[in-house]
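What follows is a short report on a single structure.
The values are calculated or read from the model by the stated rules, or taken from the named source; none is laboratory data. Keep in mind it's a predicted model, so treat the numbers as computed, not measured. Here the Cβ is made from the backbone with ideal geometry for all residues, glycine too, and neighbour counts use every protein chain on show.
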Amino acid sequence: MLFSQLDDKDTQILELLIEDARASTKSIADRLGIPRVTVHDRIKRLQDRGVIDKFTVKISHEKLGLPLHGFLLANWAGDKAREDRRSVAKEICKLPFVVGCHIITGQWDFIVEVVAREMDSLGDSILDELSKIEGIGHTQTMVTFYSYSGAASSA
């Protein structure tokens, strides 16, 4: 992973935290051969600078019975005087099958990451919940076969 704005020690600390966000400062210090206090201070400084936004847990949707993963492209069909795309995106994110929603440029206005048990339940969720949100126009659904994380990913 490349962290061009960071020195070597900060990069190594981040790589270990990405691997295991629960790693203790002592275990990181032992692996890197530097004092625990140094690791603690560097992590605190990375948080203060906003490089570390939060420590989190990555949920396995598959283990929770939601093996279907996909993306929806959606167009905005709202009235500018009544709603704004940001509020529509926030409403989309309240739906239980939605992982995240992004407002994008180009032919489509939103890209929505979704999970579901199966195609039927995803279809029902789109028809019964997503399509009822004021401001959502037509959609296109794409199902993911395989997913890979890139070098800039923290997951």
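Among the residues of segment 65-86, is any within 25 Å of residue 18 (Cβ to Cβ) and among the hydrophobic types (A, V, I, L, M, F, W, C)? Yes, segment 65-86 has at least one match.
Residue under question is residue 123, and the condition is that it be in contact with an Asp or Glu (Cβ under 6 Å, 6 or more places away or on another chain) and either surrounded by 15 or more Cβ atoms within 10 Å (Cβ to Cβ) or at pLDDT 95 or above (or both); does it hold?
No.
The residue list 30, 48, 20 contains one member that is of a type in the set (Asp, Glu) and either surrounded by 16 or more Cβ atoms within 10 Å (Cβ to Cβ) or within 19 Å of the chain's Cα centre (by Cα) (or both), which is 20. Candidates are the residues of segment 100-118 that are free of Cβ contacts under 8 Å to residues at least 24 places away in the same chain and part of a strand (DSSP E or B); the one that is surrounded by the most Cβ atoms within 10 Å (Cβ to Cβ) is 101.
Remark: residue 137 falls outside the filter, which requires a residue to be exposed (fewer than 13 other Cβ atoms within 10 Å of the Cβ) and outside any loop (DSSP other than H, G, I, E, B).
Evaluate the following for residue 63: is it surrounded by 11 or more Cβ atoms within 10 Å (Cβ to Cβ), over 16 Å from the mean Cα position of the chain (by Cα) and not small (Gly, Ala, Ser)? Explain how you work it out, then say what you get.
Numbers: surrounded by 11 or more Cβ atoms within 10 Å (Cβ to Cβ): no; over 16 Å from the mean Cα position of the chain (by Cα): yes; not small (Gly, Ala, Ser): yes.
Taking the combined requirement at face value, the residue does not satisfy it.
Meeting the requirement of 1 or more residues that are within 24 Å of residue 152 (Cα to Cα) and at pLDDT below 90, the helices (runs of 4 or more DSSP H) wholly within segment 1-84 are 8-19. Whenever a residue of segment 119-137 is farther than 14 Å from residue 66 by Cα, its partners that are assigned to a helix (DSSP H, G or I), lying with C-beta atoms within less than 6 angstrom and at least six residues away or across chains, give the pairs 133/91; 135/88. Checking the stated criteria, residue 151 turns out to be among the aliphatic types (A, V, I, L, M) and assigned to a loop (DSSP other than H, G, I, E, B).
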